[in-house]
Amino acid sequence: MRSVDPLSSLLRGIRAEGSVVSHTVLTAPWTIRFADDAPLTMISVLRGGGTLMLPDGTERVVGVGDTAIVSGPAPFHLADHPASVHRSHAAYEIACFTMDTERTAQELGGIHWGTDSEEVTALIVGAYRASGHRHERLLRALPPVLVIKEDVEVCAWLETAAADAARLSAGSQALMDRLLDWALVCTLRSWFDQAGADAPSWYRGLADPVLAPALQAFHDRPAEAWTVASLAARAGVSRALFAKRFTKLMGRPPLAYLTECRMDEAETLLTDTDLSIAQVGRSVGYADAFGFSAAFKRHKGLSPSTFRAAAS
């Protein structure tokens, strides 16, 4: 059976679409508006840079080698300076979901794509479209914007791949989209590694040599009748040691974590599938619909049927 770790599971329903390669010559003051209404947008700065400006007032300066992930569907801006957003000048827009990829070598809305000029702000932009609601648990673990510094070699490799895609050879858009899917996973893993204690508990647990085998086993087979003893056996330690270590690192006892994960998975199944209440319950480890409904209402405040109706 193929293992599915929590991060892979949460990313299963979100994919890059219509990634844009932009070698952009802009004269200050300039502003680029990102308007895809995407749950996640990733911007890698290969040359130049600017200030990211979010609707909530968050500002982050990004430069060469920075990769930023912006959470949420609200439009946001990249500008040469924060004051430029409010100045009267030409503003440009990038919308991956609607970009005509056959025109990437032409002038689009004042932005010149694929130029060889050295005075450029060179960006790779990926907007991620979601199917269903599984990704929402991931978004809750992320700040409005996160920034990771990439190695020079990585930036050079990305720019080479982008240049190949810009030639519009067969499959180039799919290649760039899958490249951005890969880059998203790498960037999130780097950020979670740097976040330390602020990373999600499931990520911290998977990095722990004692807890990782037990967590992987549970996430592979959430419907199994797991107990603290059986999870401790997976970890190769005593029940008492496992429970103590788990609670200290994860912030709650093992069975509380298992129940929380099962209810989160049930929430996704109720909103994203047509499975019956009983089938959802069995998928997350409950033998009958009554027991599952009682547990779900206790943890989510609504019965499964009421929750499903409210989410539709």
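Annotations
- The gain in end-to-end length when the residue 207 to residue 64 segment is fully stretched comes to 48.5 nm, 0.36 nm per residue minus the alpha carbon separation.
- Listed by chain and number, the lysines whose C-alpha is less than 26 Å from the C-alpha of residue 248, apart from same-chain residues fewer than 8 away, are 300.
- Radius 14 Å from Cβ of residue 236, net charge of other residues (Lys, Arg +1; Asp, Glu -1): +2
- Surface accessible to a 1.4 Å probe, per residue, for the residues of the range 213-311, Å²: 50 Å²
- Working ranking of peptides 205-214, 260-269 by packing, defined as the average number of other Cβ atoms within 10 Å per residue, highest first, is 260-269, 205-214.
- The residues packed around residue 296, meaning those with a beta-carbon under 14 Å from its beta-carbon, carry a net charge of +1 if Lys and Arg are +1 and Asp and Glu are -1.
The values are calculated or read from the model by the stated rules, or taken from the named source; none is laboratory data. Note that the structure is predicted; figures quoted are calculated from it, not measured. Because the Cβ atoms are built from the backbone with ideal geometry, glycine has one as well, and the counts that use them run over all protein chains shown. When the accessible area is computed, the model is the full protein with side chains, heavy atoms only, and any ligands, DNA or RNA have been set aside. Shrake-Rupley method; radii C 1.70, N 1.55, O 1.52, S 1.80 Å.
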